[in-house]
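To start, the structure itself, in structure tokens.
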Amino acid sequence: MQLFVIGVIAACLAAVAYGMSTVLRALGARRVAEAAADEGEGITTENGAPTLSSTMSTLVDPAFILGTTLVVVGFAGGALAARFLPLFLSQTIVSANLVITALLGTIILNIALHTREWVAIWLVVMSLCLLGVSSSHHTGGGEEVGFHWGLFIATLALCALALVGVYNLGPAGAIVGGASAGLLFGIIAIAVRILDGVQPFDPVALLTDPAAWTIAAAGAVGFYVQTVALQLGAVNGVTAVLVVGETAGPSLVGVVFLEDTAKPGLGWLAILGFVGAVIGAVLVAWYGSVDPDHLGEAPPMKGGWRRGREEPGSGDSSSVDSLSADSLSADSAADARGPDDTVAGGPSTNDAPHDPDIWTVDDDTFFDSRDSRRN
């Protein structure tokens, strides 16, 4: 029971660290984009992927470096959780970094969240609670050498596909990169769980275990493709598909190969929590899968349950139309009177200042034609 509590605390620490890291690294990507725009330099290739130089500039941004430090903290917490908890519980708690990312994003990145996003985010939180209540404290399995080698080979194949995807799919590479990074981070949790030479500590056994090589490859490539994804897409959308991959993959592997189970009679509750967490993350990804507003120039996001950004001129058309009609009526009346006519109850237009941008109404009040009610 004590190890179970330590695992839960470590997973929560990892969630906070990963959430803060994602926002800080997204801030680094935004700074690089702003600097490139000020200098008139492009940051994307013909395929719409970020240039290698822009990615390297992002990697050395101070905010990005701080975020990278938090990745290390998150990795340590996630590793402890993977050793002491069933993977479907540890990875789902870690996936709560989506909530941290969303909350901090509203403060640091000025990202507006609507009702739909909050509903989806809290669906993830409540689903995590269901998983915590239903999960068993037992962990084990994964001792077969063939399983270690199979995981390593699968990791190399996924790394290759991820790198090809983020550099050849344009803006869609953001979702591919986020999902691939999530799967790779999930593979790290699996590898940490089955790693030899940890207890008792044996450095030779540890370094010669293919699971250790898997951790190195998945960590490096996962970090890199997530960085590229944050350059390509909206931070909440990238994070949401990341946590789906980070949660679903290891959870299924844990149940099928590593003897992870729920408490007797609570299997249905574990399934409900797992499905709810995945659906919630997918919804956040769907509503957040729009182009990033690195320069603060994109139109605002639509409210309610509509997806995407508002189209230019899609504001409150009723009030605009009524004001436009009033303005047109006033202009038409002024044209019909001619220059020598007078306004009822008011002075002659010849007595008014000779400024074409000035017009009059019945109460002798002058208005500038550049007033917003006429535009």
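Annotations for the structure displayed:
- Here the spin labels are modelled as points 7 Å beyond Cα on the Cα-Cβ line, and at I65 and L52 they lie 2.3 nm apart.
- Accessible surface for segment 1-107, divided over its residues, is 42 Å² per residue with a 1.4 Å probe.
- The distance between label points at V72 and L161 comes to 3.2 nm (points 7 Å beyond Cα on the Cα→Cβ vector).
- Cα gyration tensor shape of segment 196-281, rounded if a/c is under 1.5, else prolate or oblate by comparing a/b with b/c: oblate
- Annotation: amide H of S135 within the under-5 Å range of K263, sequence separation 5 or more or interchain, hydrogens built in the peptide plane.
- Nonlocal amide H pairs with T44, under 5 Å, H built at 1.01 Å: T51
- Gained length - A205 relative to L269, 0.36 nm times residue gap less alpha-carbon distance: 19.2 nm
- Residue-span extension gain [E144 to I279] - 0.36 nm each, minus C-alpha spacing: 45.3 nm
The values are calculated or read from the model by the stated rules, or taken from the named source; none is laboratory data. What you see is a predicted model; the values in this text were computed from it and never measured. Every residue, glycine as well, gets a Cβ built from its backbone with ideal geometry; the counts of neighbours run over all protein chains shown. These area figures cover heavy atoms from the full protein model, side chains too; ligands, DNA and RNA do not enter into them. Shrake-Rupley method; radii C 1.70, N 1.55, O 1.52, S 1.80 Å.
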